[in-house]
Every structure is written in structure tokens, then in C-alpha cells.
Amino acid sequence: SGHCGYFPGRRFGVLPPAAGAVIDGSLIDMKWLEGLFAENVWPLIWVLALGALILVIAAVATGRAKFLFGVAALGLLAGMLVIVEWLWETDGERVDKVVDALAEAVRHENASEIEPHLSPQCRYGIASRDQIVQLADSVFRRIEINKLTISGKKTEVFPLQMEATTEFLAVVRGTESNVEFNPYPTRWILTLRPNTSGQWQVVNIQQMPAF
């Protein structure tokens, strides 16, 4: 399972409950830090900006230049937070990259580009990974994709379950038998898990009514 890839001890049943609690707690702490510093750092930056404004007012009111050193320190800290956000790739961003890669594969009409992003256990209804790839290839042979747009993407990551879901609306424009068809919308829900090397892969595909 996804857990085995991260915590080998659990595969053999030798991880004590207390140790499991510590690991789960560390995951929660990492998720909290990721949300604070990587996913949305701007609220914290606004707090630092407010603090800097207060120090500027204090410097003007008292005539003490030492408050300006605090302004410089807060500015430096805000800059460091922006760099951290830019460098720290979250699991949600990794999942979104998988969706983007799948979309590009569809635009290229290349089923072989889809396969690496599917887990060996991936299912689409009763179809296996190989059958999914074959189905995609048959569609690409029949339909010429002119345009694919992805919108309304909602991605959720569940760190304790080592799982993520992403839901989005896909609209395809293309031609079939040299006849252009109307934009065709479909809604998809993908479930992903990291493999043993940490790469997020799709384990389940659901197609829902578009509206």
C-alpha cells in the first residue's frame, strides 16, 4: 500500500502503536507547516507588513532610527518566506502536475504518455491500466483533438491516508470522421497515491455528469 512505501516497518507489523502515533503526529505537523509556508504564505506576509508599518509609524513619532532596523528585518523575513513558497513543492502541486501531464498527453493524442502516470493497480470502472491505455489509444485513432481545456480543478490531499483526490471539468473540441463536433464536457474525479519512489500516480478514475 501507499503506507508501505513511506513506513517499511508497517509492512511487517513491527511498528509499535506509539511510534505510529508519533509518525502520524509528524505528518500533521508537516502538513501544517506546508500550509503555512508553501501553499499560502501571503496572510503571514501581510502580518509582517502590518508590523513593519507600525514600526515605521513608531520611528516617525519618536524620531528613533532603531525602529527602521526592525522594518528591514521584517522585510528580509518576508522575502525569505516568498523564496520558501517558491522552492517548496507541495503534494497538492505534485498532484496538479500529474493532471497537467495527463492533459498534455491527451492534447498530443499519445496514449503512451498517459501510462507512466497510472498505477499498476489503476482502475477505470472494471478496466485495468493496460485496458485504459488501449481505450485511450482507440479514442485517439478515431477522434482528432483540436483543443482540451481543464477548469474548476479542486485538489485535496489526505496525508495520513497517503492519498489525494482531484476533481475537474474537461471540455474537448475536435473532429471525428472529418466532422467537427460540439464542445464535449466531462467531469472527472481522480484518486492518486504515491508509489514507493514518492511519485504520485492515479489509482482510480471516475467519470461524472458534467453538470
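Here are a few things to note about the model shown:
- Scanning region 174-186 for residues that are open to solvent by less than 30 Å² (accessible area, probe 1.4 Å) and small (Gly, Ala, Ser) gives a single hit, 174.
- Residue 58 being farther than 30 Å from residue 172 by Cα and modelled with pLDDT under 50: no
- Cβ-Cβ contacts under 7 Å between residues 6 or more apart (or on different chains), taken from a first residue in region 153-165 that is farther than 21 Å from residue 196 by Cα to a second residue that is at pLDDT below 90, are listed as 155/92.
- Residue check for residue 206: touching a His at 6+ places or on another chain (Cβ under 9 Å) and either surrounded by 13 or more Cβ atoms within 10 Å (Cβ to Cβ) or not aromatic (Phe, Trp, Tyr) (or both): no
- Looking only at region 118-146, residues that are basic (Lys, Arg) and crowded, with 18+ Cβ neighbours inside 10 Å come to 2 in all.
- Listed conditions (1) surrounded by 13 or more Cβ atoms within 10 Å (Cβ to Cβ); (2) at pLDDT below 95; (3) among the β-branched types (Val, Ile, Thr) are all met by residue 189, apart from (2).
- Of the residues making up region 157-173, one or more are open to solvent by 30 Å² or more (accessible area, probe 1.4 Å), of a type in the set (Phe, Trp, Tyr) and more than 25 Å from residue 145 (Cβ to Cβ).
The values are calculated or read from the model by the stated rules, or taken from the named source; none is laboratory data. These figures come from a predicted structure and were not determined experimentally. Don't worry about glycine lacking a Cβ; one is built from the backbone with ideal geometry, like all the others, and counts go over all protein chains shown. Accessible surface is based on the protein model in full, side chains and every heavy atom, while ligands, DNA and RNA are left aside. Shrake-Rupley method; radii C 1.70, N 1.55, O 1.52, S 1.80 Å.
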